[in-house]
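*Asks:* Please find one structure pasted underneath; my questions will follow.
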Amino acid sequence: MTGSRIRLRFSKHGKVRFTSHRDVARIWERSLRRAAVPVVYSAGFSPRPRIAFGLALPTGYSSDAEYLDAEIDPAWAAGIDNERLVGALTASLPTGMTALAAAEVASGEPSLQHAVTSCTWRIDAAGADATEASDAVSRAMDGSELLVERERKGRLTIDNIRPAVHAVEVQGNITDGVRLIAELATQPRAVRPAELLASLRPPLSLLRARRLHQWITTDAGERSEPLTVSELSVVGAGVEP
Amino acid sequence: MSSLWHRLEPLLPQVSKPARYIGAEDGMRVPRHGPGVVSWLLTYPDTYEIGLPNQGLQILYEILNERPDAAAERAYAPWGDLEALMRAEGLPLFSLDTHRPAPLFDVIAFNLSAELTYTNVLNCIDLAGVAVRAASRHDSDPLIGAGGHCTYNPEPLADFLDFAVLGDGEEAVGDITAVLADWKASGRPGGRNGVLRALARVPGVYVPSMYEVTYDGARLAAVEPRYPDVPAVVEKRTVADLADWPYPKQQLVPLTEVVHDRLNVEVFRGCTRGCRFCQAGMITRPVRERPAEQVRTMVGEGLRRTGYDEVALTSLSTADFSGIERVVADTVNDAGCGQVSVSLPSLRVDAFTVGIAAQIQRARRTGLTFAPEAGTWRMRQVINKLITNDDLYSAVESAYSQGWRRMKLYFLTGLPTETDADTLAIAELARNCVALGRTHTRSPSVTVSVGGFVPKPFTPFQWFGQNTVVELRRKVGLLRDDLRRARGVQLKWHDPAASLAEGLASRGDRRVGRVIEHVWRHGGTFQEWSEHFDLNRWQSAAEACGVDIDAYVHRHRTFDEVLPWDHLSAGLHKDFLWQDWRDALNEVGLEDCRWTPCYDCGACTGYGIEHVVASAVPPAGGSQGTGVDLSRGAEIPVRLLERPLVGAAR
């Protein structure tokens, strides 16, 4: 059975942020079943629920903008009210995870992994005050090279992440360090907030990172979110199942 | 605020798998601490992934938190990376539920499911900021308790435990709570010793410090109570009817991956098949089945509440549950639960039928594991696992005919009277199973898993001298050579080195405690993890402590000698066990007493309880522990093989 493709946006905060991407996938499988949402299963020897997750959130980071696409029984999807779905899912999720929005997406739409081009991060860092951090950020953004050491398939490589750093703004001092807002590309390879901090001179150390937005940028340069939180679109006819 | 979370949180980004320290699972209780409340820290002395699914701990967690006079939280052993940070930052062991420091609890109670966790017990006590030796503890320190199967011989831990509970804990934890609440309310009369003296009078509770141990040279002479009000023999606790204890009602659903990550419903407790190597079967008698209706309710409600798509019907031998096919069918047919797979983790081949196979394969197919335990019928008579080769082939045939392509067979090596012919017959059985599979599928696969046998207290084999590591390795080597070119057969084994440490801890007396402490002090934690186990550490510890490993582990014991657990009782008469040991050596089997007259082993008669079994007759199919071909009733008969399989007895 081909299901209706429902896109969900959710947040992840507090203790639960220490769960891994794989953990979150399992949590969602269980939560969808608890909420009695009829997810379509794959065929084969070991059927799996058809759920596709977007970009992995590094373990320990929090987020206001996580996404997944789930294939749901079309008859059921046609009769579900989106706000009720979001409420039922939040009730089934662990403390710290909240469903924020849901909408049906066309089956031909590219996957979240392919569609998302950049993320906005709120980064709390230690090692500098706002003035020092602003200087370091200015130097970084004025240059053409920002080198980080990365491990790839067990081998250390040096990558230039500067082209992937779209914007960095120092917001100001906080009690234990400094707060930055950064927009970092996710393609061809996602830049992590910790990598940005390590590439600065002098380097800063990460205290907390929170994903605020994921962005889809079209070839024409228009930017939008996979789902916006304020404008909740309705799945199906809005009738109770 | 007594939560350590704000101090732990900054450490978590630096450690592996931080989700195992956050708690916050569905099913977690928020405990109410306060005056008049006895606080328990239920601790599993291994990682969260291993410990969380433990049903015993979860059952007691719920029962205690339902009591107005108790509050229970949970702790697990932190992995080495976090432990190093905790020690550097001065952070004690903590609960996962509210991240409360361990030293604030009245009781730290350990689940002892495996002897190789003993060094972790010491490490957790130390991390809790409590002296590891009970004699050095202060009045204000938490009491250190233990429960679980290993407490039937707690002597190797006697110097480190304040008390141990024998048998089912459901009622005992309440009794202990009442004693502690009373003691706290009346101004803690007599201090620590006062409350331990009172606990020693609670049935099922053993307080090691209330007993005097005497030795006759190297031999143990006696373990005797120091005071007249302390019982000479501590009897185990047994819950008479499982129907009264439908726990866990709200199984914890972990946020991160754990072993046995599924709904678990205990369908019965106890087993009287009488396998002589099996401590669990001996100490948990009699059989107490949960009513089928209660099983259905616990499965249905559990699946809906947790969101799991797999349920395990647990027991020591689930195919023996009266009406098992009906229960499995009802589970997979319950439309409200979606696609559910059922796993039956402990299956006897003589009770596994096409009917059960057909039911469990309707949902997602889980792995199939059978445990013939030994390669020849002679050997299986010795260990009283009375399944014939035909029983095994019939079960394997059932499984292949229902579409399974791979299965796992468990065997033990190092059993009493075992010859190389017995060992090599394991390979023959496996090859024959693959041959059976070829008639149904192109590439059948059989995984043979071999474990080294470790004799346990309160079994007929408690007198048997365990095989040496060298001998066990040689036997595994025989199988490996024999199966080298066997298509479709994979051999898996654990290095037998750890079986020596397990043997020392399982049948040791109090003097072995020094070895455990020595291993712990020299960095030997997480000994269940092969990458952390080092046999040399145990051997040099034994040498340093003057403990003769051979005398404890490899020597055959005699009837007249005092065993370290003789002052404890699982109900079983010692002369029953000795007779069973003689029968074993004479290759005489003993039928299941659930469906035959009583042998008076002591487990029922001693405590005025009996089997709770819905069916008065054994399930149909196989030889049902009789070794003879029984009428199969409505079951599909086994296909006759065209030529006799090599090594097929009977």
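*Asks:* Rounded to whole Å and ordered largest first, report the semi-axes of the equivalent ellipsoid of the stretch B:4-56 derived from its Cα gyration tensor (root of 5λ).
*Replies:* Result for the stretch B:4-56: semi-axes of 23, 17, 10 Å.
*Asks:* Using just the helices of the protein assembly as shown, give the 222 nm mean residue ellipticity in deg cm²/dmol: DSSP H runs with n ≥ 4 each add -39,500 (n - 2.57), and the total is spread over all residues, rounded to 500.
*Replies:* -8000 deg cm²/dmol
*Asks:* Which percent, to the nearest 5, of DSSP beta bridges fully inside the protein assembly as shown are antiparallel?
*Replies:* 60
*Asks:* Another question, if that's okay. Calculate, axis by axis, the spread of Cα positions in the stretch B:111-250 along the three principal axes, and write the results as whole Å, longest axis first.
*Replies:* 49, 36, 36
*Asks:* Additional query: At a Förster distance of 51 Å, what's the computed FRET efficiency of A:Asp219 paired with B:His532, Cβ-Cβ distance as r, to 0.05?
*Replies:* 0.40
*Asks:* Extent of the stretch A:117-224 along each principal axis, from alpha carbon coordinates, in Å, largest to smallest?
*Replies:* Sorted largest first, the three principal extents are 39, 35, 25 Å.
*Asks:* Now for a separate question. How many percent of DSSP beta bridges within the stretch B:71-220 run antiparallel, rounded to 5?
*Replies:* Within the stretch B:71-220, antiparallel bridges account for around 40 percent of the total.
*Asks:* Over chain B, what is the mean sequence separation of C-alpha contacts under 8 Å (at least six apart), divided by residue count, expressed as relative contact order in percent?
*Replies:* For chain B, the relative contact order is 14 percent.
*Asks:* While we're here: Neighbouring Cβ atoms within 10 Å as the yardstick, rank B:His138, B:His554 fewest first.
*Replies:* Starting with the residue having the fewest Cβ neighbours, the order is B:His138, B:His554.
*Asks:* What number in nm² do you get for the stretch B:289-418 if you take the convex hull of its Cα atoms and divide its surface by four?
*Replies:* Averaging across all directions leaves 8.2 nm² for the Cα convex hull.
*Asks:* Let me ask something else. Let me see the pair-distance distribution of the stretch B:5-234: every alpha carbon pair, 10 Å bin width, integer percents in order.
*Replies:* With a bin width of 10 Å, the distribution comes to 8, 34, 37, 17, 5, 0.
*Asks:* Hey, could you pull the Cα Rg and Dmax for the stretch B:169-282, both in Å?
*Replies:* Expressed in Å, the Cα Rg and Dmax of the stretch B:169-282 come to 19.3, 53.
*Asks:* Can you report the principal axis dimensions of chain B using only the alpha carbons, biggest first, rounded to whole angstrom?
*Replies:* Largest to smallest, the principal-axis extents are 77, 62, 51 Å.
*Asks:* Sort B:Tyr211, B:Tyr118, B:Tyr76 so the one with the fewest other Cβ atoms within 10 Å of its own Cβ comes first.
*Replies:* So the ranking, lowest neighbour count to highest, is B:Tyr211, B:Tyr76, B:Tyr118.
*Asks:* To continue, here is another question. Where does each of A:Met141, B:Met407, A:Met97 land when they are ranked from fewest to most other beta-carbon atoms within 10 angstrom?
*Replies:* A:Met141, B:Met407, A:Met97
*Asks:* Taking the 0 to 90 degree range and rounding to the nearest ten, how far is the long axis of helix A:21-34 tilted relative to the main principal axis of chain A, both from C-alpha atoms?
*Replies:* Tilt of helix A:21-34: around 20 degrees.
*Asks:* Per residue Cα convex hull volume for chain A, in cubic angstrom?
*Replies:* 145
*Asks:* How are the Cα pair distances of the stretch A:4-113 distributed, in percent, across 5 Å bins from 0?
*Replies:* Computed distribution, short to long bins: 2, 12, 23, 27, 20, 11, 4, 1.
*Asks:* Hey, another quick one. Using the C-alpha gyration tensor of the stretch B:523-609, what are the square roots of 5 times its eigenvalues, in whole angstrom, with the largest one first?
*Replies:* Listed largest to smallest, the semi-axes of the stretch B:523-609 are 36, 17, 15 Å.
*Asks:* Further question on the same structure: May I ask for the percentage of alpha-carbon pairs in the protein assembly as shown that lie more than 46 Å from each other?
*Replies:* Here the tail beyond 46 Å accounts for 34 percent of pairs.
*Asks:* To check you understand DSSP bridge types, tell me what percent of the beta bridges within the stretch B:1-123 (both residues inside) are antiparallel, rounded to 5.
*Replies:* In the stretch B:1-123, DSSP labels about 10 percent of beta bridges as antiparallel.
No value in this document is a laboratory result; all are computed from the given coordinates. Remember, predicted model here, so these are calculated numbers, not experimental data. Heads up, the Cβs are rebuilt from the backbone with ideal geometry, glycines too, and the neighbour counts pull from every protein chain shown.
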